[in-house]
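Visitor: Take a look at this one; I'll ask things after.
The values are calculated or read from the model by the stated rules, or taken from the named source; none is laboratory data. Just so it is clear, the model here is predicted, and its values are computed rather than measured. Here the Cβ positions follow ideal geometry from the backbone for every residue, glycine too, while neighbour counts run over all protein chains shown.
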Amino acid sequence: MTYCLALKLDDGLVCLADTRTNAGVDNISRFRKMFTWHIPGDRVIVMMTAGNLAITQAVISLLQENIDNPKEGIETITEATSMFRVAEIVGDAMQFVQSRYAKGFAATGESGSSSIVVAGQREGGTPRLFQVYTAGNFIEATDDTPYFQIGEFKYGKPILDRVITTDTPIDVAVTASLLSMDSTLRSNLSVGMPLDLAVIRTDTLDFEQHRRIEEQDEAFAELSEAWSRELRAAFDTMVQITA
């Protein structure tokens, strides 16, 4: 399983993904779930994946193959005229890969269910955030729903619901995202470190942060412990109120 989240704010975009994939308690591996493309001054794109690993790897590889080996008549994500068109290209790639393996999935009873979050900004456009589904169709984040989660999202959702709005400052959003991930890490063994974080501030067309957070990261450990202390203190206060 996995957990990825992406926030679309007035200030920009925040994306965070774990790296754990498991096929049982004795078969746990690390695979990157976040993929980025950056053309300075032109565009910055982040994708995060969840679901059938073979499918999502094939989709990302197909997108990159088309960039590395251009073919006449095939538009790439680094050429698309808008982020909406980027989402369409990702959806088309998802459809192609799914159709290629559909018979095999049907024969074995396996699931090809997959999803990809697409975030970014192109020159002349605004930051946009999409979620692409198994069928290749997609939805876009709005002011009413300014974030998407894929994978094992239920444990990390409450803090986002309580804190995140479109006018949330980007540094606050990064903290909320890390705490959302921390809650998920504590409650679900199928989600694990290290984490990949990408922060894109509006109109910079660049990464303000683009880094990996390892298990021994002192700042993340301190944040996690401080959050636990504050939750315990808040719980004690609630007990006094209800006593």
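Yes/no per residue for (1) in a helix (DSSP H, G or I); (2) at pLDDT below 90; (3) out of contact with any His (no Cβ under 8 Å at 6 or more places or on another chain):
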{"residue": "Leu5", "(1), (2), (3)": "no, no, yes"}
{"residue": "Cys15", "(1), (2), (3)": "no, no, yes"}
{"residue": "His38", "(1), (2), (3)": "no, no, yes"}
{"residue": "Met48", "(1), (2), (3)": "no, no, yes"}
{"residue": "Ile55", "(1), (2), (3)": "yes, no, yes"}
{"residue": "Leu63", "(1), (2), (3)": "yes, no, yes"}
{"residue": "Ile77", "(1), (2), (3)": "no, no, yes"}
{"residue": "Glu88", "(1), (2), (3)": "yes, no, yes"}
{"residue": "Ala102", "(1), (2), (3)": "yes, yes, yes"}
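Visitor: Moving on. Among residues belonging to region 65-75 that are in a loop (DSSP other than H, G, I, E, B) and either on the phi < 0 side of the Ramachandran plot or in contact with a Ser or Thr (Cβ under 9 Å, 6 or more places away or on another chain) (or both), point out the one that is surrounded by the fewest Cβ atoms within 10 Å (Cβ to Cβ).
Guide: Here the answer is Glu72.
Visitor: Taking into account only those residues within region 106-123 that are outside any strand (DSSP E or B) and hydroxyl-bearing (Ser, Thr, Tyr), which is farthest from the chain's Cα centre (by Cα)?
Guide: Filtering first and then ranking leaves Thr108.
Visitor: Return yes when Arg201 is under 22 Å from Arg122 (Cβ atoms) and either at pLDDT below 95 or among the basic types (Lys, Arg) (or both) and no when it is not.
Guide: yes
Visitor: Please work out if Arg201 is in contact (Cβ under 8 Å) with a residue 40 or more places away in the chain, closer than 30 Å to Met83 by Cβ and out of contact with any Phe, Trp or Tyr (no Cβ under 6 Å at 6 or more places or on another chain).
Guide: Against the criterion (in contact (Cβ under 8 Å) with a residue 40 or more places away in the chain, closer than 30 Å to Met83 by Cβ and out of contact with any Phe, Trp or Tyr (no Cβ under 6 Å at 6 or more places or on another chain)), Arg201 qualifies.
Visitor: Further question on the same structure: From the list Thr49, Thr21, pick out the single residue that is touching a Cys at 6+ places or on another chain (Cβ under 8 Å), hydroxyl-bearing (Ser, Thr, Tyr) and within 20 Å of Met181 (Cβ to Cβ).
Guide: Thr49
Visitor: Related question: For residues that are touching an Asp or Glu at 6+ places or on another chain (Cβ under 9 Å) and either without any contact (Cβ under 8 Å) to a residue 60 or more places away in the chain or at positive phi (or both), tally how many sit in region 114-164.
Guide: 5
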